[in-house]
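A short write-up of the structure that comes next.
The values are calculated or read from the model by the stated rules, or taken from the named source; none is laboratory data. It should be emphasised that the depicted structure is a prediction, and the values quoted were computed from it without experimental measurement. So basically every Cβ, Gly included, is an ideal-geometry build from the backbone, and we count neighbours across all protein chains shown. With ligands, DNA and RNA removed, areas are computed over all heavy atoms of the protein, side chains included. Shrake-Rupley method; radii C 1.70, N 1.55, O 1.52, S 1.80 Å.
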Amino acid sequence: SVFRDSVHALDHDEPSGGLAAALSRACASFERRTGTSAQAVEVGEVPDCGAARTRVLLAAVREALLNVEKHADARSVLVSTIAVDGGVAISVADDGHGWSESEGKGIGLRTTADRLAEVGGTLSVVSNEDGGVTVRIWMPLP
């Protein structure tokens, strides 16, 4: 099923070529699967955070994309990465219909937030003024 393929995509890919390349591949895979436009952009120079931390960041972005796929009915998604506050920040912003409290109770984002917390990172979800949702992910550099 498409859903099973989506779940499989969450963890199977090694982050070869660094974070930016892995995020571009995740967006391309999401776009192929859903038909929804997805683009990854890097703002400025983002330092290498190591393979283990890259895997945690990549899994967090994939979970955010899976939520867009399941809930948002979005036309486009933008994944932006920037070095900020001694770490790496990634925003996954969609232009979908927004977010209801019931969607915030899922285990996927809670588990992802827990994985990020284990390495000192954070995850938050905010509603965009013009509809849609932005998942904000931050992880300190080692």
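Brief remarks on what is shown
- Ranking of 107, 137 by solvent-accessible surface, largest first: 107, 137 (1.4 Å probe, protein heavy atoms only, all chains present).
- The range 35-142, relative contact order in percent, only Cα pairs under 8 angstrom and at least six apart counted: 30 percent
- Accessible area (Å², 1.4 Å probe, nearest 10) - residue 122: 70 Å²
- Packing-based ranking, highest mean first, of 60-72, 123-135, 87-99 given that Cβ atoms within 10 Å are counted: 60-72, 87-99, 123-135
- Residue 130 sits among other residues whose Cβ lies under 14 Å from its own Cβ, and their net charge, with Lys and Arg +1 and Asp and Glu -1, is -2.
- Three-way shape call for the range 77-142 based on the alpha-carbon gyration tensor, with the a/c threshold at 1.5: oblate
- Dimensions of the range 57-98 based on its C-alpha atoms, expressed as ranges along the principal axes with the largest first, amount to 34, 18, 13 Å.
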